[in-house]
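Input: a single structure, listed below in structure tokens.
The values are calculated or read from the model by the stated rules, or taken from the named source; none is laboratory data. Since the model is a prediction, treat every value here as computed from it, not as a measurement. Here the Cβ positions follow ideal geometry from the backbone for every residue, glycine too, while neighbour counts run over all protein chains shown.
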């Protein structure tokens with residue numbers, strides 16, 4: 001199994017066409033971000049849909065939490081100040097006084113953030129990154145953006161390895177900055193890293209030309225949008241749009 | 001024959017004035033396996049890039065029956081396969097299988113044919129079971145073998161390898177030599193691993209400062225310590241050319257496969 005995919009790779013969710021998963025999970029996020037607070041049943045419907053998908057794919061809560069915690073705290077951190085700065089009817093919260101409208105805003109922002117993050121995490125847990133790229137390409141995302149994402153995925157680890165080696169080389173020669181002026185070595189590391197990456201880009205381009213690159217990424221696998229994919233999207237759309245309309 | 005190299009008075013200077021090639025004359029026949037030896041900066045890689053029209057200098061160069069600079073570069077690149085020194089430059093697709101398929105798909109082959117070529121190329125370098133892995137999950141030796149497969153899948157009539165044994169541990173290096181030895185194709189190996197040249201190539205060309213300074217039987221060339229020394233090369237201590245079997249070795253006749 002690919003290391004970026006979690007859960008049971010033979011589950012019905014994993015076997016869906018990546019386009020169906022991409023559209024479905026983006027759809028959940030879109031419904032959540034466009035729903036006002038008073039229509040809260042729509043949030044419940046989104047959360048229920050996510051939980052159903054997660055359990056069908058056998059992605060454990062631990063996996064979801066492990067991946068979501070990279071993003072979620074940042075988003076919530078921004079939202080947590082709203083109740084204090086937003087003007088409105090004061091509400092006593094222990095020793096603190098916050099505004100009621102601010103609290104409501106915080107609740108909606110948190111709900112949207114949690115649903116959006118979990119949708120992205122579930123997509124990543126059930127679909128390999130190359131498949132996501134393939135789906136994006138087939139859904140007519142600009143080719144250049146897909147290419148950039150593909151190269152980023154391919155070379156991120158190579159570049160991180162280089163950073164780790166350079167840091168080790170600095171540390172091995174006793175580099176331990178104590179004040180800001182000593183940080184200039186880090187600037188040189190960044191420069192060297194940029195130049196190396198730039199040169200690598202040129203070599204990669206040569207290697208691509210040498211193998212007959214024709215300005216588009218050739219694809220070996222074809223995607224097949226089957227009945228299960230249509231059913232998945234139809235069920236999801238019915239549930240979410242009904243909840244959204246009735247709420 | 002179609003997969004030979006004929007270079008006459010090939011000259012190339014980089015934009016910053018550094019001379020890469022200074023009048024290279026080189027003739028390689030069909031089915032030959034030739035080592036291109038030389039110190040750093042001798043122009044070995046520059047020459048290699050010329051063989052795929054990735055750099056173009058002055059002089060005449062005919063590769064695999066095509067005149068470089070006049071004929072279509074797509075044809076040229078289909079016939080001449082370059083394996084770059086750093087496999088991270090060569091392997092740019094998200095998975096090994098897609099990377100090996102990249103060249104054949106660009107050639108416009110049908111999907112079953114591409115699948116077949118990918119399977120055979122990975123088999124040839126003994127990497128069949130790693131098709132779905134990402135290149136960054138492989139060891140350097142494995143990545144280098146996959147890099148060779150990416151080019152083999154295009155079924156070029158001429159294979160050019162840049163420093164195939166660089167940074168490999170002894171065992172991985174030996175396995176790579178065995179892999180290369182089984183590949184039955186006209187081959188140019190750019191290297192300063194002299195024992196590798198002695199093991200794989202009957203003929204060697206010594207390049208120095210952009211010129212060919214020696215061209216002949218690998219063993220005779222490597223026995224000339226004065227010549228090697230004059231160009232910053234030497235055999236590893238304790239290495240004996242006599243420990244290798246003499247040419248011609250029993251290897252499959254290269255002429256049997258080329259188109």
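Being surrounded by fewer than 19 Cβ atoms within 10 Å (Cβ to Cβ), within 14 Å of the chain's Cα centre (by Cα) and either in the same structural domain as residue B:30 (by TED's automatic domain parsing) or over 30 Å from residue A:157 (Cα atoms) (or both) is a property that residue B:193 lacks.
If you go through the range B:93-113 and pick out every residue that is under 26 Å from residue A:202 (Cβ atoms) and without any contact (Cβ under 8 Å) to a residue 12 or more places away in the chain, you end up with 3. Please verify whether the range B:133-148 includes one or more residues that are at the interface with chain A (Cβ under 9 Å from one of its Cβ atoms), crowded, with 18+ Cβ neighbours inside 10 Å, out of contact with any strand residue (DSSP E or B) (no Cβ under 9 Å at 6 or more places or on another chain) and part of a helix (DSSP H, G or I). There is at least one residue in the range B:133-148 that is at the interface with chain A (Cβ under 9 Å from one of its Cβ atoms), crowded, with 18+ Cβ neighbours inside 10 Å, out of contact with any strand residue (DSSP E or B) (no Cβ under 9 Å at 6 or more places or on another chain) and part of a helix (DSSP H, G or I).
Identification of helices (runs of 4 or more DSSP H) wholly contained in the range A:1-116 with 1 or more residues that are surrounded by 13 or more Cβ atoms within 10 Å (Cβ to Cβ) and at pLDDT 90 or above yields A:18-33, A:40-56, A:61-68. Checked against (1) in a helix (DSSP H, G or I); (2) within 27 Å of the chain's Cα centre (by Cα); (3) within 14 Å of chain B (Cβ to nearest Cβ), residue A:236 meets all criteria but (3).
Scanning the range A:192-221 for residues that are free of Cβ contacts under 8 Å to residues at least 12 places away in the same chain, at the interface with chain B (Cβ under 8 Å from one of its Cβ atoms) and out of contact with any helix residue (DSSP H, G or I) (no Cβ under 6 Å at 6 or more places or on another chain) yields a total of 4. Among the residues making up the range B:218-239, those that are within 13 Å of residue B:39 (Cα to Cα), in contact (Cβ under 8 Å) with a residue 60 or more places away in the chain and surrounded by 15 or more Cβ atoms within 10 Å (Cβ to Cβ) are B:231, B:233. For the range B:74-85, filtered to residues that are more than 13 Å from the chain's Cα centre (by Cα) and at the interface with chain A (Cβ under 8 Å from one of its Cβ atoms), the residue that is surrounded by the most Cβ atoms within 10 Å (Cβ to Cβ) is B:77. For the range B:160-174, which positions are surrounded by 17 or more Cβ atoms within 10 Å (Cβ to Cβ) and free of Cβ contacts under 8 Å to residues at least 60 places away in the same chain? Hits for the range B:160-174 are B:165, B:168, B:172, B:173. Of all the listed residues (B:116, B:181, B:89), the sole one being surrounded by fewer than 19 Cβ atoms within 10 Å (Cβ to Cβ), free of Cβ contacts under 8 Å to residues at least 12 places away in the same chain and not in a loop (DSSP other than H, G, I, E, B) is B:116.
Scanning the range B:17-42 for residues that are buried (at least 19 other Cβ atoms within 10 Å of the Cβ) and more than 24 Å from residue B:219 (Cα to Cα) yields a total of 2.
The residues of the range B:92-103 that are more than 8 Å from every other protein chain (Cβ to nearest Cβ) and either under 19 Å from the mean Cα position of the chain (by Cα) or surrounded by fewer than 19 Cβ atoms within 10 Å (Cβ to Cβ) (or both), listed by number, are B:99, B:100. For residue A:189, the conditions (1) modelled with pLDDT under 90; (2) within 14 Å of chain B (Cβ to nearest Cβ) are fulfilled apart from (2). Filtering the range B:42-73 to residues that are touching a residue at least 60 places away in the same chain (Cβ under 8 Å), assigned to a loop (DSSP other than H, G, I, E, B) and away from every other protein chain (no Cβ under 14 Å) leaves B:42, B:43, B:65.
Of the numbered criteria (1) over 27 Å from residue B:219 (Cα atoms); (2) out of contact with any helix residue (DSSP H, G or I) (no Cβ under 6 Å at 6 or more places or on another chain), the one residue B:147 fails is (2).
Of all residues in the range A:40-92, those satisfying the criterion of being in contact (Cβ under 8 Å) with a residue 24 or more places away in the chain, under 21 Å from residue A:4 (Cβ atoms) and touching a helix residue (DSSP H, G or I) at 6+ places or on another chain (Cβ under 9 Å) are A:50, A:53, A:54, A:57, A:59, A:60, A:63, A:64, A:67, A:68, A:71, A:72.
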